[in-house]
Amino acid sequence: MTQSLLIVGGTRGIGKEIARRYAGQGWSVVLTGREDSAAKSVADELGGDTRGIALDLSEPEQIAEALADVGAVDHLVFAAIARDTNTLDNYNIASARYLVTMKLLGYTAVVSALRERLAEDGSIVLFGGRAKDRPYPGGMTVGTVNAGVTGLMHALVVQLAPRRVNAIHPGIVGDSPYWAENAEFTEKVRQATPTGRNVTVADIVDGVDFLIRNQSINGLDLYVDGGWLVP
């Protein structure tokens, strides 16, 4: 039986590569992006039974309507992220509010809208990040929100049982578009990582696949960072 996947934030980066994997396996894939044209363009590029729709996590009141014509969902992956650089000395409230709304309220609003359409033997994968317990200058809001993703996961495990809910927390993904432009920093991370290599996009996609496939993994914070030792 064909599996269905909804990937929130599937138009670029890691989200797009997750969508590519499952589209290539013949799954029915719906991917979202903030712009309808971009989502449809990526869906056409990936081919197969892939559809793109517009969804803006920063507008949680509009999410239920945006998802109204999405059918039954076996697996739900939240790959949408936002970059926020914030410190107490220069606190950008608008930027912080956007990130909090998008990842915590937006993620929750999607699950709420789809609750009756989620397969009982299905799964949800939430994206957090290692900033939750490896704070760095400028990452105050990012770290706080990613810690909130763990709290959200625990709450959803209880409320959505028997559906499985897990979170994946990538380290510095050296070949992602953002970090590939910061070669000096990613090299420092590589040197401080016991595996001697940076995390790759393919590693993260494999981690998501593990959380989707293994039906006894539930309520897990999966760290994919190579054992990174130094913040």
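The angle between the Cα long axis of helix 13-24 and the longest principal axis of the Cα atoms of the chain comes to about 40 degrees, rounded to the nearest 10.
For segment 1-104, chymotrypsin sites (Phe, Trp or Tyr not before Pro) are listed when DSSP marks them as loop and at most 14 other Cβ atoms sit within 10 Å of their Cβ; the list is TYR91. Using all pairs of distinct alpha-carbon atoms, the Kirkwood hydrodynamic radius of segment 154-231 works out to 13.7 angstrom.
The gain in end-to-end length when the ASP56 to GLU181 segment is fully stretched comes to 42.4 nm, 0.36 nm per residue minus the alpha carbon separation.
Remark on segment 79-156: Rg and Dmax equal 13.8, 47 Å (Cα only). Dividing the helix sum by the residues of the chain, where each DSSP H run of 4 or more adds -39500 (n - 2.57), gives a mean residue ellipticity at 222 nm of -11000 deg cm²/dmol. Residue-normalised convex hull volume from the C-alpha trace of segment 76-208: 120 Å³ per residue.
Under the simplified labelling scheme, the ARG12-LYS188 pair shows an inter-label distance of 2.5 nm, with each label point 7 Å from Cα along Cα→Cβ.
Close Lys pairs in segment 4-224 (alpha-carbon distance under 20 Å; sequence gap of 8 or more, or different chains): 4.
Here the relative contact order of the chain, from alpha carbon pairs under 8 Å that lie six or more residues apart, stands at 17 percent. Relative to the dominant Cα principal axis of the chain, helix 36-46 is inclined by about 90°. A Cβ-based charge dipole, computed about the Cα centre of the chain with Lys and Arg at +1 and Asp and Glu at -1, lands at about 400 debye. Taking the number of Cβ atoms within 10 Å of each Cβ as an exposure proxy, the fewest-first ranking of ASP69, ASP175 is ASP69, ASP175.
Once the Cα-Cα distance is subtracted from the 0.36 nm per residue extended length, the GLN3 to ALA119 segment shows a gain of 40.7 nm. Its residues counted as N, segment 1-118 yields a C-alpha radius of gyration over 2.2 N^0.38 Å of 1.10.
Stretched out fully, how many nm does the piece from ASP49 to TYR98 gain, at 0.36 nm a residue minus the Cα gap?
14.4 nm
Relative to its residue count, segment 12-59 spans a Cα convex hull of 61 Å³ per residue.
No lab work stands behind these numbers, since they all come straight from the coordinates. All figures in this text were calculated on a predicted structure; none of them were measured in a lab. Using ideal geometry, Cβ is built from the backbone for each residue, glycine included, and neighbour counts are taken over all protein chains shown.
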